[in-house]
Amino acid sequence: MFKRIADLKADDNVGKTVVLKGWIHRLRKQKQKTFIILRDDRGDIIQVVCPSRLCEDLTIESSIEITGPLNRDSRAPEDGYEVKAERIVSFNIAETDYPIGEYQSEETLLDYRHLSLRTRKMINVGRVRNSLLKYSRDWFYAENWMEITPPILVKSAVEGGSTLFKVKYFDDVAFLSQSSQLYLESMIYCLGPVWSITPSFRAEKSRTIRHLAEFTHLEAEAPWITIDDLISIQEKLVFNLVEKIKENNTAELDFLNTTSKIKLERISIPFEKISYDKAIDILRSKDCKIKDGDTNRVIEWGDDLNIESERELTKDRYNPIFVINYPLGIKPFYVKQSDVDSKTGMAVDLLAPEGYGEISGGGIREDNLEKLKNRITESKLEPKDYQWYLDLRKYGSVPHGGFGLGMERVLRWILGFEDIKDVVLFPRTMSRITP
Ligand code: 4AD
Ligand code: MG
């Protein structure tokens, strides 16, 4: 029976003959001896030493099975385990022009992402992604939220018409979902607090370090909920995710960014809440500029927060912050108008510290039928596409709200990466759809 490298090391099989299956990650051929770094299907590596006569035809990324005794040798990389191969069987001898080596441009690595996923960086990213998904699911199950699987082919925009991907749908037109929110809203009447994790699509025309055309969207919605409840749910969820990753992904964090763990240590709840008004005051006191046509001017009340202003608000913090009560005009049609100030909407965004900015957006939903209809028309959306959604307000509407958390945004922040493309396995952007 073959073993995985991690099990082999964990059970300490020193002295025993072991069988391993994997790929040749690195290869150094000398006259008598050949040194192989073998990578198994979980991405773990171990040094294998074998007589060069057994290795003549071996190449980088060839898939092999090796048999031999496990030794400990302090000169072996990682934790000093080494296998002395006595037998090697190959499944496939890889062609000699394997395009991924030690020094490659970021673009080349992206062009060959189907192969560069085998690099140790991407293996570690893949592991943290897996953990983040698992801990999110664990949290929602423990808190008794129901998971649903909403449709991705839809007829109605959620986040504005300008970032919709159109697809041919038989003789009609449909769109790729920007957010599952409207479908989650329909489920609170019968399944209570619900959540989903789906791909969401945005035809973002801008190239930025935090926008993808396709991202992994975790969304939640619950009936009879206040803005304070929403804040506290997100606070608990995000803090729990950070705690779990910190506890269980030490090796990956250390490999990817030696300071990640230290910065996660400093995070504590509650996260600070500031109003949009206060955010604008802070930004104006720092003379924060925004682009207005061809000129730059100081940000003012009514402007949306963008990458630069969010960076300014969060760069000197190590805890995330909530920004609440945005102007209604810069938020989507579904945001509930405030009862105390008609110019503002009951929206809340969560901004990650150290300049990372928005990781989640949500709020209380407009439950007044007439107001909602007006907001749909004002937003230049087609009321007929929202008939079914408006029915939710006609038949037993209740105060409710929810949020959407961008998993890649969370990972980018936790791992301390600059570019969001580095935390996705196959990034989709304005200029990239392959591989
Ligand atoms: O702020 P957004 O657009 O809000 C919504 O979609 C709501 N309907 C969610 C809800 O209330 N159910 O998106 C939510 C989050 C953002 O805060 C961000 O983290 C992420 O989704 N996101 C993106 N991530 C990567 N690339 C993009 N183009 C993203 N657009 C949004
Ligand atoms: Mg948003």
Practice item. Please work out which one of (1) closer than 27 Å to residue 224 by Cβ; (2) touching a Leu at 6+ places or on another chain (Cβ under 8 Å) is the condition residue 144 fails and give its number. Key: (2)
**Study point:** Subset of the stretch 407-426 (residues that are in contact with a Ser or Thr (Cβ under 7 Å, 6 or more places away or on another chain) and not in a helix (DSSP H, G or I))
**Key:** 416
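Is it the case, given these coordinates, that residue 405 is in contact with a helix residue (DSSP H, G or I) (Cβ under 9 Å, 6 or more places away or on another chain) and away from ligand 1 (no atom under 12 Å from the Cβ)?
No.
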Exercise for review: Could you please find all residues in the stretch 254-266 being open to solvent by less than 70 Å² (accessible area, probe 1.4 Å) and of a type in the set (Asp, Glu)?
Suggested key: 254
Check your understanding: Would you say residue 180 is more than 8 Å from ligand 1 (Cβ to nearest atom), within 20 Å of the chain's Cα centre (by Cα), at pLDDT 95 or above and open to solvent by less than 20 Å² (accessible area, probe 1.4 Å)?
Key -> no
Practice item. Report yes if some residue within the stretch 162-173 is within 16 Å of ligand 2 (Cβ to nearest atom), at negative phi, assigned to a loop (DSSP other than H, G, I, E, B) and among the polar types (S, T, N, Q); otherwise report no. Key: no
Check your understanding: If you check 251, 279, which single one turns out to be surrounded by fewer than 16 Cβ atoms within 10 Å (Cβ to Cβ) and either among the hydroxyl-bearing types (Ser, Thr, Tyr) or in a helix (DSSP H, G or I) (or both)?
Key -> 251
Practice item. Collect the residues in the stretch 407-421 that are open to solvent by 10 Å² or more (accessible area, probe 1.4 Å) and either away from ligand 2 (no atom under 16 Å from the Cβ) or in contact with a strand residue (DSSP E or B) (Cβ under 7 Å, 6 or more places away or on another chain) (or both), keeping them in residue-number order. Key: 409, 416, 417, 418, 419, 421
Check your understanding: List the pairs whose first member sits in the stretch 91-106 and is open to solvent by 60 Å² or more (accessible area, probe 1.4 Å) and aromatic (Phe, Trp, Tyr), whose second member is modelled with pLDDT of 95 or more and not in a loop (DSSP other than H, G, I, E, B), and whose Cβ atoms are under 9 Å apart, counting only residues at least 6 apart or on separate chains?
Key -> 91/21; 91/63; 91/64; 91/65
Revision key, fill the gap. Within the stretch 101-116, residues modelled with pLDDT of 95 or more and either touching a Ser or Thr at 6+ places or on another chain (Cβ under 8 Å) or of a type outside the set (Ser, Thr, Tyr) (or both) come out as 109, 110, 111, 113, 114, 115
Check your understanding: Say we look at the stretch 140-161 and pick out the residues that are open to solvent by 20 Å² or more (accessible area, probe 1.4 Å) and in a helix (DSSP H, G or I); which of these is farthest from residue 251 (Cα to Cα)?
Key -> 161
Point to revise | Checking residue 380 against (1) basic (Lys, Arg); (2) more than 30 Å from residue 125 (Cβ to Cβ); (3) modelled with pLDDT of 95 or more, the condition it does not meet | key: (3)
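Yes/no matrix, rows are residues, columns are (1) within 24 Å of residue 217 (Cβ to Cβ); (2) more than 13 Å from ligand 1 (Cβ to nearest atom); (3) not aromatic (Phe, Trp, Tyr):
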residue: 352; (1), (2), (3): yes, no, yes
residue: 358; (1), (2), (3): yes, no, yes
residue: 365; (1), (2), (3): yes, no, yes
residue: 374; (1), (2), (3): no, yes, yes
residue: 379; (1), (2), (3): yes, yes, yes
residue: 382; (1), (2), (3): yes, yes, yes
residue: 386; (1), (2), (3): yes, yes, no
Practice item. Among the residues of the stretch 178-212, write down those that are of a type in the set (D, E, K, R) and away from ligand 2 (no atom under 16 Å from the Cβ). Key: 185, 205, 207
Exercise for review: Could you list all residues from the stretch 208-245 that are of a type outside the set (Gly, Ala, Ser), within 11 Å of ligand 1 (Cβ to nearest atom) and in contact with a strand residue (DSSP E or B) (Cβ under 8 Å, 6 or more places away or on another chain)?
Suggested key: 210, 211, 212, 214, 215, 216, 217, 218, 219, 221, 230, 234
Revision key, fill the gap. For the stretch 159-184, pairs from a residue that is under 14 Å from residue 402 (Cβ atoms) and in contact (Cβ under 8 Å) with a residue 24 or more places away in the chain to a residue that is open to solvent by 50 Å² or more (accessible area, probe 1.4 Å) and near ligand 1 (Cβ under 9 Å from one of its atoms), with Cβ under 9 Å and 6 or more apart or across chains, are 179/159; 181/159
Revision key, fill the gap. The number of residues in the stretch 191-222 that are touching a Pro at 6+ places or on another chain (Cβ under 8 Å), outside any loop (DSSP other than H, G, I, E, B) and open to solvent by 20 Å² or more (accessible area, probe 1.4 Å) is 3
Check your understanding: If residue 75 passes every condition in (1) over 26 Å from residue 125 (Cβ atoms); (2) at pLDDT 95 or above; (3) open to solvent by 40 Å² or more (accessible area, probe 1.4 Å); (4) charged (D, E, K, R) but one, which one does it miss?
Key -> (2)
Check your understanding: Restricting attention to the stretch 114-132, does a residue exist that is free of Cβ contacts under 8 Å to residues at least 60 places away in the same chain, open to solvent by less than 80 Å² (accessible area, probe 1.4 Å) and of a type in the set (Gly, Ala, Ser)?
Key -> yes
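The values are calculated or read from the model by the stated rules, or taken from the named source; none is laboratory data. Here the structure is a predicted model, which means the values were calculated and not measured. Counting neighbours? That spans all protein chains shown, and the Cβs are built from the backbone with ideal geometry, glycine included. Accessible surface areas use protein heavy atoms only, side chains included; no ligands, DNA or RNA. Shrake-Rupley method; radii C 1.70, N 1.55, O 1.52, S 1.80 Å.
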